[in-house]
Structures are given as structure tokens and as C-alpha cells.
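Asks: Have a look at the structure that comes next, please.
The values are calculated or read from the model by the stated rules, or taken from the named source; none is laboratory data. In this text the structure is predicted, and so the values were computed from the model without any measurement. Ideal geometry is used to build each Cβ from the backbone, glycine not excepted, and the neighbour counts take in all protein chains shown.
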Amino acid sequence: MTVAIFRFLAKIPLMGLVGALGAASAFAQAPPGMDGPPGPSGPMTVGVVTLERSAVPYTVTLPGRAVAYEQVDIRPRVEGVIAEIPYELGSRVSVGDPLFKIEDDTYTLEVDAAEAAVVSAEAELAAAQVVYDRNKPLSGKAVARSTVADYEVAVKQAKASLSTAQASLKAARLNLERTVVRSPIDGIPDVPTVSVGAVVTANQTDALTTVTRLDPIYVDLEESAARIQRLRAMQDRGELKFNSDLDMRLWLETGEMYAEVGKLLSPGVLVSTTTGTTELRVRFANPERRILPGQFLRVDATLGTTEAILLPQLAAQREAGGELVAYVARDGKAVRVVLGERGVYENAWVVTNGVKSGDRLIVDGLLSLKNGDAVQTVPAEITADGLVRDIGSGAGESAASPAPSSSPVTE
């Protein structure tokens, strides 16, 4: 019997044989009671959310670098030998705290000599004043007027000598005070560059140490001049409403958001001829010293609000040509739409064209969906962790709540 079957198959053309085998296989797999292969399946059930236009915070992300709020190089203003370094490394110092002490023996002697010179000048002035006061009433009578005039000049010279001596005393005392080098700001002193016994000179080039104030701290940002122009154009068209106070949020190098909110101090007024960017300065409180000068950071600046449609990211895909596409349910069919977007709003695209308010966006069953497929919709929602959850069922299209979002639009 096997030989007879092979002889029968040998008489059938190749294409006819393939069709016969396919039909036989389909017939064999048909459910009981059916005489042939099953017919086409019904509409695919998909979850949808209703798109709505809403006001969304508009945020741009800017790169920046931390800069000390205040930083001072400490240099001596008098010469001498370092006698003591009283500050502790890493400890905070306040204005006026001593950092270095220079031997003051010479300066103490200069103060003593200046004080003696003041006493001498005071005595000379007193003597000249007595002579002048005694002879002035006798001017032109018993004493010549020229002589009285000479006595008056002597008084003025004695006063000038006294003023000079007093100025010298102030300078000597000032130099004596400067033998104690004090901190001019609140901050953290760096490691000293000299040790006890080192000879220093007045206003030398090399700093003895550096004091840095870390709280608050600046972050200098760079923004493209071209994007600033685009934002102004958006404002002119009414697409963007700027806030009076910008909300500045800092991202640390660890990827976490800094708790303190920054304040914009200096908007950029000059554009770099090499990079085409302008610099912005933002101030942040830094009580725990989590931000250190020199760190490279990024800041999310919420500029204002913009009217936009939020489209969940999981419902759209980027095709090979770069187009962002999604599917909406219209008249019982899945319709492919090409989207225009302007940044993201956490788990949602900020869509500028391609869809409109009231469109029902398909959010599940997308892997096997094609343009024009028949669909049956059920309301769905996007959970906080980005998952789709059906909240109803039905034969027709139903309204659903929009996808939630909690972050500003970012570029």
C-alpha cells in the first residue's frame, strides 16, 4: 500500500502537492464539526486612555559647575617668622579668627618708640603753646609783632610734629596687629603651605592658605543662546508663560535630586564666541556641604507652563526613520499617527501635533497591531509605575482617565 501512495504522489505537480498538503494540514487541525479552516477572528480588544490638553510645567536641563560662594587667599601683610598656626585642619573658622601668628618682638618695640615720640611731641606743643599765650597780649608793645608771629609758627609746627608722631604710632600698632593673620570670611581653611619657623614677607606671591565659604554655594550654568531665542519665540506666540520666579532643582553626581531649591542671581548678558552659550549663576543653600567647588552638576530649571497633550511613553515608539508614532482608536479601527513632540513629562511625551484633545490612545496590544485593524476598546489607565490597568470593558469605545504625570517638561 505504501508503494501505491508514493506512485500517486509522483503524478501530482510540485505546487499542487504543496497546496494539497497545506489543505490537509488545515483540515486536520480544524475543530470538530467544521469542514475546513476557521474564518477570520473578530476585533482585537485594546485598552485606551483619553488624551486631554493641560498646562504642563516647562523645564530645561542645564549643565553647570559648582563655584565657591567666597574664597580668599591668605597672605601676610608684615614680614617675619611664623610663630604659631592656631587653626585646626578641616574646622570651620569665623571672621576674625586667627590663622597664623608672626613673631611680634620687633613690632612691639616700634609701638613703644612711637608712643614715646607722641609723648615728646605733646610736651613740645605744650611748651610752645605757653610761650605763645604769654607773649600774644604783649604784641606790638613790649614784644615785637614778628616775635609773637614766630611763637605762633612754633605752636603750629609742634602740632604738626604731634600729628606725625600719632600717625606713626597708629602705623606701628597696625603692624603689630597684623602679626596675627586673621580670617576675613567665614569658611573652611585649607592645609597651610608653610610651617612654624618659616620666614614670610609682606604681600608675598605665595598664599599661606586658602579659606573657602561653602554655604551657600554658587552653580554656574551654561545655556545655548539659540535655545534662549527659541524660548522667547514660544513666549511671543503664547505657547509658553514664564514664571516670575524660576524653580531651580539640582541633580547631584549620585543621580539624586538635591533637597534645596536654587535662586537665579545673574542671567547671562554675554555670549561666548567659542561655544555660543551664555552663563547663568544660581545660588543654593549648602548646610551639609554636599556640594563642593569644582563639581560638575546639572540643574532642572522650570521656566513656566505650556499648554500640551500628554501622551504616555509606553504607547509610542520611535521608528527606524526617527518618527515617533502611536495608534488611536477611530471608528472602530486602529489608526497610526505620526507625532510631533517637545520633550518629556516623566512618563509622557509632550505632543505638539498628530493627535488632538479627546482622541482615544491605544495603550496595550501594540505588538500585533497594524494600521486599519478592527479594535474593540476598554477604558484603561496608566499606573504610577508605568503599567497599563484595564478599568472596564464593553463593545464600543469608552472614555478613560488621562495618563498621570508628575515631572515638568524637560528638554
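Asks: Which residues, taken from region 88-112, are in a helix (DSSP H, G or I), surrounded by 14 or more Cβ atoms within 10 Å (Cβ to Cβ) and of a type in the set (A, V, I, L, M)?
Replies: 111
Asks: Suppose we filter 241, 263 for residues that are more than 18 Å from residue 219 (Cα to Cα) and surrounded by 12 or more Cβ atoms within 10 Å (Cβ to Cβ); which single one remains?
Replies: 241
Asks: For region 235-274, how many residues are aliphatic (A, V, I, L, M) and either part of a loop (DSSP other than H, G, I, E, B) or not assigned by TED's automatic domain parsing to the domain that holds residue 289 (or both)?
Replies: Number satisfying all stated conditions: 5.
Asks: For region 366-400, give me each residue that is modelled with pLDDT under 90, outside any strand (DSSP E or B) and either polar (S, T, N, Q) or in contact with a Ser or Thr (Cβ under 7 Å, 6 or more places away or on another chain) (or both).
Replies: Answer for region 366-400, where residues must be modelled with pLDDT under 90, outside any strand (DSSP E or B) and either polar (S, T, N, Q) or in contact with a Ser or Thr (Cβ under 7 Å, 6 or more places away or on another chain) (or both): 368, 383, 392, 393, 397, 398, 399, 400.
Asks: Yes or no: region 227-241 includes at least one residue that is among the charged types (D, E, K, R) and within 12 Å of the chain's Cα centre (by Cα).
Replies: There is no residue in region 227-241 that is among the charged types (D, E, K, R) and within 12 Å of the chain's Cα centre (by Cα).
Asks: Hey, residue 285 hits all of (1) surrounded by fewer than 16 Cβ atoms within 10 Å (Cβ to Cβ); (2) under 18 Å from residue 47 (Cβ atoms); (3) of a type in the set (A, V, I, L, M) but one; which does it fall short on?
Replies: All conditions are met except number (2).
Asks: A follow-up question, please. Would region 63-73 turn up any residue that is closer than 30 Å to residue 282 by Cβ, among the aromatic types (Phe, Trp, Tyr), surrounded by fewer than 20 Cβ atoms within 10 Å (Cβ to Cβ) and in contact (Cβ under 8 Å) with a residue 24 or more places away in the chain?
Replies: yes
Asks: Ok, one more. Go through the residues of region 212-221 one by one and say whether even a single one is part of a loop (DSSP other than H, G, I, E, B) and closer than 30 Å to residue 279 by Cα.
Replies: No, there is no match, as no residue in region 212-221 is part of a loop (DSSP other than H, G, I, E, B) and closer than 30 Å to residue 279 by Cα.
Asks: Being β-branched (Val, Ile, Thr), under 22 Å from residue 284 (Cα atoms) and more than 19 Å from the chain's Cα centre (by Cα) narrows it down to one of 200, 219, 180, 211, so name that one.
Replies: Exactly one of 200, 219, 180, 211 is β-branched (Val, Ile, Thr), under 22 Å from residue 284 (Cα atoms) and more than 19 Å from the chain's Cα centre (by Cα), namely 211.
Asks: Let me ask you something else. With the structure loaded, tell me whether residue 54 is in a strand (DSSP E or B), of a type in the set (Ser, Thr, Tyr) and surrounded by fewer than 19 Cβ atoms within 10 Å (Cβ to Cβ) or whether it fails that test.
Replies: yes
Asks: Among the residues of region 207-239, what is the count of those that are more than 30 Å from residue 192 (Cβ to Cβ) and not β-branched (Val, Ile, Thr)?
Replies: Matching residues across region 207-239 total 18.
Asks: Being surrounded by 16 or more Cβ atoms within 10 Å (Cβ to Cβ) and of a type outside the set (A, V, I, L, M, F, W, C) is the filter; apply it to region 353-372 and report the residue that is farthest from residue 45 (Cα to Cα).
Replies: 354
Asks: Has region 284-292 got any residue that is assigned to a strand (DSSP E or B), modelled with pLDDT of 85 or more and under 13 Å from the mean Cα position of the chain (by Cα)?
Replies: Yes, region 284-292 contains a residue that is assigned to a strand (DSSP E or B), modelled with pLDDT of 85 or more and under 13 Å from the mean Cα position of the chain (by Cα).
Asks: Between 294, 340, 332, which is free of Cβ contacts under 8 Å to residues at least 24 places away in the same chain and either surrounded by fewer than 19 Cβ atoms within 10 Å (Cβ to Cβ) or out of contact with any strand residue (DSSP E or B) (no Cβ under 6 Å at 6 or more places or on another chain) (or both)?
Replies: Just a single option satisfies the conditions, and that option is 340.
Asks: Here's something else I'd like to know. Residues to consider are 227, 232; find the one that is of a type in the set (Lys, Arg), touching a strand residue (DSSP E or B) at 6+ places or on another chain (Cβ under 9 Å) and outside any strand (DSSP E or B).
Replies: Of 227, 232, the one residue that is of a type in the set (Lys, Arg), touching a strand residue (DSSP E or B) at 6+ places or on another chain (Cβ under 9 Å) and outside any strand (DSSP E or B) is 227.
Asks: So which residues in region 80-97 are in contact (Cβ under 8 Å) with a residue 24 or more places away in the chain and farther than 12 Å from residue 184 by Cβ, if there are any at all?
Replies: Hits for region 80-97 are 80, 81, 82, 83, 84, 85, 87, 89, 90, 91, 92.
Asks: Could you give me the residue pairs with C-beta distances under 6 Å whose first residue belongs to region 125-137 and is among the hydrophobic types (A, V, I, L, M, F, W, C), whose second residue is surrounded by 12 or more Cβ atoms within 10 Å (Cβ to Cβ) wherever it lies, and which are 6+ apart or on separate chains?
Replies: Listed pairs, sorted by first residue: 125/158; 125/159; 125/162; 128/154; 128/155; 128/158; 131/151.
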